[in-house]
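The values are calculated or read from the model by the stated rules, or taken from the named source; none is laboratory data. It should be emphasised that the depicted structure is a prediction, and the values quoted were computed from it without experimental measurement. Neighbour counts are summed over all protein chains in view; Cβ atoms, including those assigned to glycine, are modelled from backbone coordinates with ideal geometry.
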Amino acid sequence: MTGLVDHCFLETELPSQSDRQAAYIVLREDVGQRLDHFLALRFPDQSRSSLHKLISKANILVDGQPVKAGYRLRGNNNITVLFPQPQPSALVPEHIDFPILFEDDHLLVINKPPGLVVHPANGHHHGTLVHGLLNRCENLPMGDEGRPGIVHRLDKDTSGVMLVAKTELALRTLMADFKDRKVRKTYHALLLRCPREPDGRIILPVGRHPVDRKKMTIRPTHGKYAVTNWHVMEYFSNGWCLAEIGIETGRTHQIRVHMASVKSPVAGDLLYGGGVGRGSGVQPARQMLHASTLCFRHPYSGQEQCFTAPIWDDLQNVLDILRNKHP
């Protein structure tokens, strides 16, 4: 192929100084590559979905024309990329208490209290973890769904260790590591009934319930690949047990759905069969599930980091009752 330039790149600020613009001319070695793949390599701080949004909104043009994400590059194509200035968040910072396990210039590790919603949603427009994070940290990077600093999430009534990004690079790096299953997550769960075996592994796809949209369920055809491992640590004479649970994937409600599928629902989990009868000597106020340990590579230093969140008092009190009443 002839007439192709070897390299051309320009990055500028527009006259308004409010938006950032980049321009490329396609090189020989890039001919035939998909546009979205080409951009992902050049903007590692941007997620694939955010680049797709820019393409769909015509913020990314090829030879001055809007194209699809799968457009195959041709020699000397002129690619222009416009990054609009992020819009200020409409969220109002609020004082929310949450214990901090670790903090540096790049990330924050917390022990999320039970009952705290992670981000605003229907019915929870105030008093969320995000509101508290904005009160503590200025200029948190905005996630793809307008969730500042949020790398991953825990259900409202699940307590435990959570990771928060304080910079754009930390956010994108950690989100990618979660997606690529490079983060190790360990939970502790009090199960209403013990599994038949002390150790086990569940490989069942999880997806949205076809009727009840608040629930997830096992969906062999339409679900996403999900893997959960359990190890029973302690048995109680009332038939309950304390289990250590590791997840290799991070599907919504994964532990709750998987353990319910083997007839061992999380105690107190009303959505998935973990309700406790009135005659029981123990009445959990929420699902007894705690994210205990999180291990990951620091997005800047690359060093392995592991943090453990102490069990919250409500779960500890239930365990104390079971140990005293049912030794």
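Here are the numbers for this structure:
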| quantity | calculated |
| --- | --- |
| Within the stretch 54-83, tally of residues that are farther than 15 Å from H37 by Cβ and either surrounded by 15 or more Cβ atoms within 10 Å (Cβ to Cβ) or not assigned by TED's automatic domain parsing to the domain that holds A22 (or both) | 7 |
| Selection from the stretch 111-140 of residues that are crowded, with 19+ Cβ neighbours inside 10 Å and touching a helix residue (DSSP H, G or I) at 6+ places or on another chain (Cβ under 8 Å) | K112, P114, L116, V117, V118, H119, L140 |
| Residue list for the stretch 209-233, filter: among the charged types (D, E, K, R) and free of Cβ contacts under 8 Å to residues at least 12 places away in the same chain | D212, R213 |
| All positions within the stretch 261-285 that are in contact with a Pro (Cβ under 6 Å, 6 or more places away or on another chain) and polar (S, T, N, Q) | S264 |
